[in-house]
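The values are calculated or read from the model by the stated rules, or taken from the named source; none is laboratory data. All of these numbers come straight from a predicted model, not from anything done at the bench. Here Cβ is always computed from backbone atoms with ideal geometry, including for glycine, and neighbour counts include all displayed protein chains. Calculation scope for accessible area: heavy atoms of the full protein, side chains included, ligands and nucleic acids excluded. Shrake-Rupley method; radii C 1.70, N 1.55, O 1.52, S 1.80 Å.
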Amino acid sequence: MDFKLEATAPDSAARAGVITTDHGEIRTPIFMPVGTLGSVKAVHQHELRDDIKAQIILGNTYHLYLRPGIEILEKAGGLHKFNGWERPILTDSGGFQVFSLSANRKLTEEGAWFRSHIDGSKHLFTPERVVDIERSIGADIMMALDECPPGTADYSYARKSLDLTHRWLSRGWKRYKETEGKYGYSQAYFPIVQGVTYPDLRRESAKFVADLGADGNAIGGLAVGEPAEVMYDMIEVVNEILPKDRPRYLMGVGTPANILEGIDRGVDMFDCVMPTRNGRNGMLFTRHGIMNMRNKKWADDFSPIQEDGPSYVDVTYSKAYLRHLFIADEILAMQIASIHNLAFYLWLVGEARKHILASDFKPWKREMLECVTRRL
């Protein structure tokens, strides 16, 4: 994997760059739609590629390991061939999913024991095993196994958790370096900075991660209960240390405003379920503000969903029709909303990139923040 930094915005840490993988280029800053089980919910691959303009999507190691299972993925020739997506893929390690199953998991020095949410069967994720699973999945970018403590964790817990994450990272990195991809193309391995909301722990973790010299680095454990301003502070603390010549990935974030603030602080890559999950529940993000499509005010509004929107759904369907679909519990409502929101998120990071290259990112961001946080 290669990363070329093209420009940094004046009066900002915002960057534009290009990541090159064996499955194609990724122009940063970028948002990555979440396809947990090898599928971005309610969205076809051709819609992701041609309409939404996704350049990279996510899969999740925990979920894909349980279903369809590694044997099937290997027989298929990896996730790219299994799901028909020819562009880059990133796989999360499953650490966050195990963390979220707190009632059904146990962390040890060896790794994370957990019970499947499907059938209750018991499994062990070690740092080495997760590398092996991600090799079988075949993503272009693989994430290290870490513990993701809650944003409200006390210092003592955060300290122990970080030490464990670093020991796991050393083991995972070793396994990564002594193995190769299974399908004839290269795979990158991103370590993850942790440390909850404690600046000294975040700095220590950023230094530990940076010293590995990986192809890219991630910031994890944010947007898990802490205030947004604290999250922004932690991004600044970490990005002062992470190398400028490698992409930086802020995991699981977030709202359009979060993404703009992250870009401003030097983040290159984002993912979040929000555009699809919130979309399936009737929330639409637009450049003019946020719409709840279940509201009665849209019942007789026959104007397009977004006349200047980036997707075909924006001009094909009216607000009244989309509200009708939601009220009637029609599946098409969830499809339209998911496509719209993802197309908007990709448009937003694309516009950010244009303004970074044009050296006017900061004033554009100020104006855009006012728009995207407005309730319509």
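Tabulated data for the structure shown
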item	result
Scope segment 191-202; condition open to solvent by 10 Å² or more (accessible area, probe 1.4 Å) and in contact with a helix residue (DSSP H, G or I) (Cβ under 6 Å, 6 or more places away or on another chain); matching residues	THR197, TYR198, PRO199
Members of segment 29-75 found to be small (Gly, Ala, Ser) and touching a strand residue (DSSP E or B) at 6+ places or on another chain (Cβ under 6 Å), listed by number	GLY35, GLY38, GLY59
Those residues of segment 25-44 which are touching a helix residue (DSSP H, G or I) at 6+ places or on another chain (Cβ under 8 Å), without any contact (Cβ under 8 Å) to a residue 60 or more places away in the chain and open to solvent by 40 Å² or more (accessible area, probe 1.4 Å), in sequence order	LEU37, SER39
Complete set of residues in segment 327-369 that are surrounded by fewer than 22 Cβ atoms within 10 Å (Cβ to Cβ) and farther than 29 Å from LEU5 by Cβ	ILE327, ALA328, ASP329, GLU330, ILE331, LEU332, MET334, GLN335
Residue tally, condition open to solvent by less than 10 Å² (accessible area, probe 1.4 Å) and either more than 17 Å from the chain's Cα centre (by Cα) or among the acidic types (Asp, Glu) (or both), over segment 52-68	0
Where TYR176 falls short, out of the listed (1) in a helix (DSSP H, G or I); (2) farther than 15 Å from THR91 by Cβ; (3) out of contact with any Pro (no Cβ under 6 Å at 6 or more places or on another chain)	(2)
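Condition check ((1) open to solvent by 70 Å² or more (accessible area, probe 1.4 Å); (2) among the charged types (D, E, K, R); (3) free of Cβ contacts under 8 Å to residues at least 24 places away in the same chain; (4) in contact with a strand residue (DSSP E or B) (Cβ under 8 Å, 6 or more places away or on another chain)) across all residues:
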{"site": "CYS272", "(1), (2), (3), (4)": "no, no, no, yes"}
{"site": "PRO275", "(1), (2), (3), (4)": "no, no, no, yes"}
{"site": "ARG280", "(1), (2), (3), (4)": "no, yes, no, no"}
{"site": "LEU284", "(1), (2), (3), (4)": "no, no, no, yes"}
{"site": "HIS288", "(1), (2), (3), (4)": "yes, no, no, no"}
{"site": "MET293", "(1), (2), (3), (4)": "no, no, no, yes"}
{"site": "TRP298", "(1), (2), (3), (4)": "no, no, no, yes"}
{"site": "PHE302", "(1), (2), (3), (4)": "yes, no, yes, yes"}
{"site": "GLU307", "(1), (2), (3), (4)": "yes, yes, yes, no"}
